[in-house]
Amino acid sequence: MATKLAALIALAAFLAGPAASEAASICFNGWLKLPTYNPVLCRPRPDVQTRQRRPAPSGSGLTSGYYNTRCPSAEKIVTDAVKKAVDANPGIGAGLIRLFFHDCFVRGCDGSVLLNTTNSKNSDTEREGPPNQNSLRGFEVVDEAKAAIEAACPDTVSCADIVAYAARDASYFLSDRKINIQMPGGRYDGRESFSNETDQLPGPFSNLTALQGSFAAKGLTSDEMVTLSGAHTIGRARCLFFSSRFSEMDSALAAKLRAQCGNDNNNVNQDDVTPDVLDKQYYQNVVDKKVLFTSDAVLNSTETITQVTENANMAGAWERKFEKAMETMGKIGVKTIGNQQGAEIRKVCWRVNS
């Protein structure tokens with residue numbers, strides 16, 4: 001209880017702080033189970049609350065094999081760095097997939113999630129937002145790949161592309177090489193990053209309407225939302241985000257989790273069956289009430305259960321949809337030379353060029 005109260009106080013203080021821009025609005029209700037809905041603490045973005053879908057991301061300017069002549073070793077350098085990290089700790093692979101998602105949903109896939117030094121000289125970057133602070137992983141893999149690429153091909157490969165390639169490669173290795181995402185390149189890096197803009201990320205307490213609204217605001221369909229949610233078959237989760245749901249879960253799983261969750265800050269596997277494999281087990285878990293978050297459980301609804309059961313029962317179906325959905329997500333709000341201001345190829349991924 002003390003941990004939850006402290007989190008609520010911290011969030012309230014965060015929401016009371018200055019906005020990143022005049023038009024910004026904040027709603028982290030999907031990340032904290034508030035006792036009651038409070039419009040003062042939650043000023044929802046219109047584009048997140050509506051079900052109206054934006055046009056699908058086009059990815060204009062992105063191409064497959066973008067670095068084949070510009071920097072032929074680039075993709076292999078990323079692949080080698082990811083393989084080494086995943087072999088040592090599969091959880092880092094899960095972190096790299098999540099890092100890509102959290103990058104693309106805020107300011108588009110522009111590497112802004114990596115910044116702690118921005119063009120505006122602000123320190124409250126996306127890394128400090130409530131959904132990201134002390135929870136994102138994989139930065140060291142991106143930095144290692146970037147350093148090696150800069151040595152081979154200076155000022156050529158963006159950090160945004162490295163994040164995208166790393167998520168692609170992590171998906172490949174964690175799925176026992178069953179998922180092959182055709183990830184194009186050509187993204188440029190953004191120069192701004194603000195913590196309060198991470199309110200666009202759907203959270204563990206999001207209901208179905210909020211989930212669909214968040215994805216629709218990025219040009220993604222409800223089916224793509226269900227498909228990308230399958231990434232919750234890997235990685236770990238803090239007990240704080242699901243300990244209120246024990247009575248709604250499968251009783252055997254709930255008993256096991258209660259024993260593991262003596263502290264709200266403890267972490268447990270998101271998938272208790274195949275925790276280190278990126279596979280369709282997540283969808284059977286949804287049906288069997290063996291998922292952790294509210295945002296997982298709500299997929300067992302009349303509106304989405306058809307997609308869930310198809311993914312659970314049809315061999316290879318989810319993997320192919322996941323490949324396409326990840327490629328589509330990688331096209332959200334991309335910055336490419338000639339059509340976006342304030343874009344660059346960073347020399348170091350965590351700071352803008354001077």
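The values are calculated or read from the model by the stated rules, or taken from the named source; none is laboratory data. Computed from a predicted model, the values in this text were never measured in an experiment. Counting neighbours? That spans all protein chains shown, and the Cβs are built from the backbone with ideal geometry, glycine included. Please note that ligands, DNA and RNA were not included when accessible areas were found on the heavy atoms of the full protein model with its side chains. Shrake-Rupley method; radii C 1.70, N 1.55, O 1.52, S 1.80 Å.
Report the net charge of residues surrounding ASN311, where surrounding means a beta-carbon distance below 11 angstrom and charges are Lys +1, Arg +1, Asp -1, Glu -1. All intermediate terms of the calculation are to be shown ahead of the outcome.
Numbers: positive: LYS280, ARG320, LYS321; negative: ASP223, ASP279, GLU310, GLU319.
Once all neighbours under 11 Å are counted, the net charge is -1.
Can you give the charge dipole size of segment 204-354 about its Cα centre, rounded to the nearest 20 debye, using +1 on the beta carbon of Lys and Arg and -1 on the beta carbon of Asp and Glu? Write down the numbers at each step before the final one.
On the way: 17 positive and 17 negative charges, 130 e Å.
Roughly 620 debye, rounded to the nearest 20.
Take each of the peptides 296-302, 282-288, average the number of other beta-carbon atoms within 10 Å over its residues, and list them starting from the highest. Before the final figure, lay out the partial values.
On the way: 296-302: 17.7, 282-288: 22.0.
Result, highest mean first: 282-288, 296-302.
Please give the calculated 222 nm ellipticity per residue for the chain, where each DSSP H segment of at least 4 residues contributes -39500 (n - 2.57) and the sum is spread over every residue; nearest 500 deg cm²/dmol?
On the way: 13 runs with 139 residues, N = 354.
Computed mean residue ellipticity for the chain: -12000 deg cm²/dmol.
Once a ≥ b ≥ c are taken as the square roots of the eigenvalues of the Cα gyration tensor of segment 269-354, is the result rounded (a/c under 1.5), prolate (a/b larger than b/c) or oblate (a/b not larger than b/c)?
Details: a/c = 2.77, a/b = 2.24, b/c = 1.24.
Here segment 269-354 falls in the prolate category.
Obtain the radius of gyration and the Kirkwood radius of segment 172-254 from its C-alpha atoms and give Rg over Rh. Could the numbers behind the result be given before it?
On the way: Rg = 16.5 Å, Rh = 16.2 Å.
Rg/Rh for segment 172-254 comes to 1.02.
What does segment 241-303 give for Rg and for Dmax, in Å, if only its C-alpha atoms count?
11.5, 35
Given the options MET326, VAL268, GLY338, identify the residue whose Cα lies farthest towards the positive end of the charge dipole of segment 263-354 (+1 on Cβ of Lys, Arg; -1 on Cβ of Asp, Glu).
Highest projection toward the positive end goes to GLY338.
In nm, to one decimal, how far is the ASP250 label point from the SER135 one, both placed 7 Å along Cα→Cβ?
A separation of 2.4 nm, rounded to one decimal place.
What dipole magnitude, in Debye to the nearest 20, does segment 62-162 give about its Cα centre under +1 on Lys/Arg Cβ and -1 on Asp/Glu Cβ?
On the way: 10 positive and 14 negative charges, 27 e Å.
I would put it at about 120 debye.
Could you provide, to the nearest whole Å², the per residue accessible area of the chain with probe 1.4 Å? Mind showing how you got there, number by number?
Values: 15130 Å² over 354 residues.
Averaged over the residues of the chain, the accessible area is 43 Å².
So what's the net charge close to GLY91: Lys and Arg +1, Asp and Glu -1, counting the other residues with Cβ under 11 Å from its Cβ?
Details: positive: ARG98, ARG137, ARG236; negative: ASP276.
That works out to +2.
Are there any trypsin sites (Lys or Arg not before Pro) in segment 147-247 that are in a DSSP loop and have at most 15 other Cβ atoms within 10 Å? List them by number.
Working: sites: ARG168, ARG177, LYS178, ARG187, ARG191, LYS218, ARG236, ARG238, ARG245; in loops: ARG177, LYS178, ARG187, ARG191, LYS218.
Here the trypsin sites (Lys or Arg not before Pro) that fit, given the DSSP loop and packing criteria, are ARG177.
Below 14 angstrom from the Cβ of SER175, what's the summed charge of the other residues (Lys, Arg +1; Asp, Glu -1)?
Details: positive: LYS83, ARG168, ARG177, LYS178, LYS280, ARG320, LYS321; negative: ASP169, ASP176, ASP271, ASP276, ASP279, GLU319, GLU323.
Combined, the nearby Lys, Arg, Asp and Glu give 0.
So which GluC sites (Glu not before Pro) in segment 285-354 end up in coil per DSSP with only 16 or fewer other C-beta atoms within 10 Å?
Details: sites: GLU303, GLU310, GLU319, GLU323, GLU327, GLU344; in loops: GLU303.
Passing sites in segment 285-354 are GLU303.
Summarise the accessible area of the chain (1.4 Å probe, protein heavy atoms) by the percent that is carbon and sulfur.
Of all accessible area on the chain, carbon and sulfur atoms account for 51 percent.
Where a ≥ b ≥ c are the square roots of the eigenvalues of the C-alpha gyration tensor, would you call segment 90-176 rounded, which needs a/c under 1.5, or, failing that, prolate if a/b is larger than b/c, or oblate? Don't skip to the answer; put the middle values down first.
Values: a/c = 1.90, a/b = 1.13, b/c = 1.68.
Taking the square roots of the gyration eigenvalues as a ≥ b ≥ c, segment 90-176 is oblate.
Kindly provide the pair-distance distribution of the chain built from C-alpha pairs, with 10 Å bins from 0 and whole-percent values in order of increasing distance.
Answer for the chain: a P(r) of 5, 25, 36, 25, 8, 1 percent.
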